[in-house]
1. Could you please let me know if residue 25 is within 18 Å of residue 113 (Cα to Cα), modelled with pLDDT of 95 or more, over 11 Å from the mean Cα position of the chain (by Cα) and not in a strand (DSSP E or B)?
2. Of all residues being within 14 Å of residue 81 (Cβ to Cβ) and in a loop (DSSP other than H, G, I, E, B) in the stretch 96-120, which is farthest from the chain's Cα centre (by Cα)? Just the residue, please.
3. Out of curiosity, is residue 13 part of a helix (DSSP H, G or I), modelled with pLDDT of 95 or more, within 18 Å of residue 69 (Cβ to Cβ) and in contact with a strand residue (DSSP E or B) (Cβ under 6 Å, 6 or more places away or on another chain)?
4. Can you tell me how many residues within the stretch 33-51 are touching a helix residue (DSSP H, G or I) at 6+ places or on another chain (Cβ under 8 Å), at pLDDT 95 or above and either in a helix (DSSP H, G or I) or crowded, with 17+ Cβ neighbours inside 10 Å (or both)?
5. Taking the stated definitions as given, is residue 84 surrounded by 14 or more Cβ atoms within 10 Å (Cβ to Cβ) and in a strand (DSSP E or B)?
6. On the basis of being surrounded by 14 or more Cβ atoms within 10 Å (Cβ to Cβ), within 17 Å of residue 14 (Cβ to Cβ) and modelled with pLDDT under 95, does residue 112 make the cut?
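The values are calculated or read from the model by the stated rules, or taken from the named source; none is laboratory data. Keep in mind that this is a model prediction, so the values were computed, not measured. With ideal geometry, Cβ positions are generated from the backbone for all residues, glycine too; neighbour counts draw on all protein chains shown.
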């Protein structure tokens with residue numbers, strides 16, 4: 001395998017307010033700027049293999065393991081929905097897959113990807129609103 005491998009998480013995993021706060025708090029605590037292995041911004045959580053060790057707080061020898069994509073404020077104001085995860089070739093070569101990557105972040109809320117609540121899938125409206133009668 002070469003490059004990145006992306007998995008769309010269906011149905012999407014949903015963190016309620018309490019779980020979202022727990023995860024975000026721990027990702028911030030474990031930020032690469034503080035000697036940790038996570039770089040989390042709104043909507044993108046990146047996991048590295050080692051803390052950043054470059055000059056002036058840059059990446060240095062740290063290599064990206066994978067990325068978790070999330071939407072904040074959905075399905076309700078303080079929830080977070082995880083909808084996609086990507087692992088790098090380097091990550092997969094070191095035993096990381098989508099489940100392990102997500103589990104590494106979700107553990108801070110006592111969850112795994114398998115145990116995380118899921119978004120409700122709804123059927124499209126009938127009749128098709130884009131079709132003329």
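1. When the stated conditions are applied, residue 25 does not pass them.
2. Looking at the filtered set, the residue picked out is 120.
3. Taking the combined requirement at face value, the residue does not satisfy it.
4. Count: 8.
5. Against the criterion (surrounded by 14 or more Cβ atoms within 10 Å (Cβ to Cβ) and in a strand (DSSP E or B)), residue 84 qualifies.
6. no
Matching residues to (1) touching a residue at least 24 places away in the same chain (Cβ under 8 Å); (2) over 14 Å from the mean Cα position of the chain (by Cα); (3) more than 20 Å from residue 111 (Cα to Cα):
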{"position": "9", "(1), (2), (3)": "yes, no, no"}
{"position": "13", "(1), (2), (3)": "yes, no, no"}
{"position": "48", "(1), (2), (3)": "no, no, yes"}
{"position": "63", "(1), (2), (3)": "yes, yes, yes"}
{"position": "75", "(1), (2), (3)": "yes, yes, no"}
{"position": "86", "(1), (2), (3)": "yes, no, no"}
{"position": "90", "(1), (2), (3)": "yes, yes, yes"}
